[in-house]
1. In Å and whole numbers, how far do the C-alpha atoms of segment 1-74 stretch along each principal axis, longest first?
2. Enter the accessible area per residue of segment 1-53 (Å², integer; probe 1.4 Å; all protein chains in place).
3. Keeping every protein chain in place, order Lys66, Lys60, Lys24 by accessible area at 1.4 Å, biggest value first, i.e. largest first.
4. What trypsin sites (Lys or Arg not before Pro) in segment 122-168 are in a loop by DSSP, with at most 12 other Cβ atoms within 10 Å of the Cβ?
5. How big is the accessible area of Leu111 in square angstrom, nearest 10, if you roll a 1.4 angstrom probe over the protein chains?
Amino acid sequence: MEILVKRAMQKDAESFIRLMEENKQAMLKIAYGFFSNEEDVADVMQQTILDAFEHIKELKKVAYFKTWLIRILINNCNQLYNNKKRMVSEEELINQKYFDIYPEDNAFFYLLSLLHKEDRTIFQLYFGEQYTTKEISEILGIKESTIRSRIHRGKEQLRKQICREEWV
């Protein structure tokens, strides 16, 4: 993968396309952690690919390409989420449950919807993408101890919710 990254940094389009294909599933999982609307996911994916292509020369270490790409994706997701939040009135958010609708047949996304917004990304990266707490800390710019405590707090929150809904 390092060879592909180096070639992509030299603006080799084929190498860049292969890198995007290799990371597509991980990016989609994270994007669906933010949005259930396919158009929003497509928008954020497109913007991330464009940003990555335009700024790939700024990548400092080739080995951190995926981390760098995921950080761009998360920033784009947050930006789109905040823009949509400003465009939709608070009443519409409550009545339509616009932002926290996930595919009903996917238990993982349903469980993500039960968490606080700031914990969803951490859970997606930790449980969905198997990043370590140290890597998540680097991606999000949050202390590693905070990551661990949010994972612990989120697991407790999910445990209580599951017991309340009698899933056990």
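1. 34, 19, 18
2. Working: 2940 Å² over 53 residues.
About 56 Å² of surface per residue is accessible.
3. From most accessible down to least: Lys60, Lys24, Lys66.
4. Values: sites: Lys134, Lys143, Arg148, Arg150, Arg153, Lys155, Arg159, Lys160, Arg164; in loops: Lys143.
When the trypsin sites (Lys or Arg not before Pro) of segment 122-168 are filtered for loop state and at most 12 Cβ neighbours within 10 Å, Lys143 remain.
5. So the heavy atoms of Leu111 present about 40 Å² to solvent.
The values are calculated or read from the model by the stated rules, or taken from the named source; none is laboratory data. Because the structure is predicted, anything quoted here is derived from the model rather than measured. Positions of Cβ are generated from backbone atoms using ideal geometry, with glycine treated the same way; all protein chains shown enter the neighbour counts. Note: areas computed on protein heavy atoms with side chains; ligands, DNA, RNA excluded. Shrake-Rupley method; radii C 1.70, N 1.55, O 1.52, S 1.80 Å.
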